[in-house]
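Trainee: Pasting a structure here, questions to come.
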Amino acid sequence: MNSRLTTGFAALGCILLASCYPYDESRGRKPHRRPAPTSVAAPEQQALQAQRDAMKAKEDLARQEAAKIAAQAPTPTAPTLPTTPTPQPPAPPVVEKKPEYKYATKIPGKEGFVFSPYNNKMIDVRGMASGTLVQDPTYTGDGKGYFRVP
């Protein structure tokens, strides 16, 4: 009787130990990827860069033409008035000044949360880089209510 009881407890212990195998709960889940933060000003920056490149190309062309004209012109022996007007570089295009956006204020003790500069409500900005331009989802006034992450 004593050996049966010992054998039964041994078998029960083995079953309990075998049932303590850790279960991996993340096996069936797909990894969650956050989308990359998008900047509102990216298309505007690309347009400005294209304008800068066009201006540089025009300036380079004007310099090359001026160098060709200078190389072809005879050296004057006496001071004379120039017969051809010197090419002037094109006037830079008028660039409108971008509006300066307000910065939100961090909430002490809560990482990734800020107070809106417009209505002082709490906004979740976890995963967004510092300086990123975001739109206030709680803003109800005129305009869109953009602000920068501190």
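Trainee: Name the pairs: first residue in segment 115-128 and in contact (Cβ under 8 Å) with a residue 40 or more places away in the chain and assigned by TED's automatic domain parsing to the domain that holds P150, second residue in a strand (DSSP E or B) and surrounded by 12 or more Cβ atoms within 10 Å (Cβ to Cβ), Cβ to Cβ under 9 Å, at least 6 apart or on different chains?
Mentor: Going by the 9 Å Cβ cut-off, the qualifying pairs are M128/V134.
Conditions tested, residue by residue: (1) at pLDDT 85 or above; (2) of a type in the set (A, V, I, L, M); (3) closer than 30 Å to P150 by Cα.
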{"residue": "A54", "(1), (2), (3)": "yes, yes, no"}
{"residue": "V94", "(1), (2), (3)": "no, yes, no"}
{"residue": "K102", "(1), (2), (3)": "yes, no, yes"}
{"residue": "V125", "(1), (2), (3)": "yes, yes, yes"}
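Trainee: Could you check segment 103-142 for strands (runs of 3 or more DSSP E) lying wholly inside it with 3 or more residues that are farther than 23 Å from P43 by Cα?
Mentor: 113-115, 122-124
The values are calculated or read from the model by the stated rules, or taken from the named source; none is laboratory data. All values derive from a computational prediction rather than experimental measurement. Neighbour counts run over all protein chains shown; Cβ positions are idealised from the backbone, glycine included.
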